[in-house]
Amino acid sequence: MPIEWDKLFSGLTGDTTDLVKTQLSALVTTVKTDGGDSAKEFAGELEDLLNRLARGELSKDDFEEESKELRYLVDIEIKKEAVIGKVQLMQLSQGITTLILDRLMKLIA
């Protein structure tokens, strides 16, 4: 007996659906805020370094060293955000899989 896909996806409600919605919402929020906040913070730090260099408060060598450190921190932040995103995508995928399996079991039973 073929699966009626319309029935499978219609009326998706319950705890599993709420879980998937929550996970998707968390993923979207993370993507929209965390990356943007980090980028603004690092841009502000770079601007501060440039201003200090322009005012003569920082030597060229010190500027280069601090810029390298900032770049290193940016790389770490990018990797951290990538890992967080992957974890959230995996959780979302697992939630969707559970949702579909639950719905299939209800159709079979």
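The values are calculated or read from the model by the stated rules, or taken from the named source; none is laboratory data. Given the structure is predicted, the values throughout are model-derived calculations rather than measurements. So basically every Cβ, Gly included, is an ideal-geometry build from the backbone, and we count neighbours across all protein chains shown.
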VAL28 fails exactly one of the following numbered conditions: (1) part of a helix (DSSP H, G or I); (2) at pLDDT 80 or above. What is the number of that condition?
-> (2)
Among residues of region 55-87 being β-branched (Val, Ile, Thr) and farther than 14 Å from GLU45 by Cβ, the residue surrounded by the most Cβ atoms within 10 Å (Cβ to Cβ) is ILE84
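Suppose we keep only residues that are aliphatic (A, V, I, L, M) and surrounded by 15 or more Cβ atoms within 10 Å (Cβ to Cβ) within region 88-99. Which one would you say is nearest to LYS40 (Cα to Cα)?
Filtering first and then ranking leaves LEU92.
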Residues of region 61-96 classified as small (Gly, Ala, Ser), closer than 21 Å to ALA39 by Cβ and touching a residue at least 24 places away in the same chain (Cβ under 8 Å), total = 1
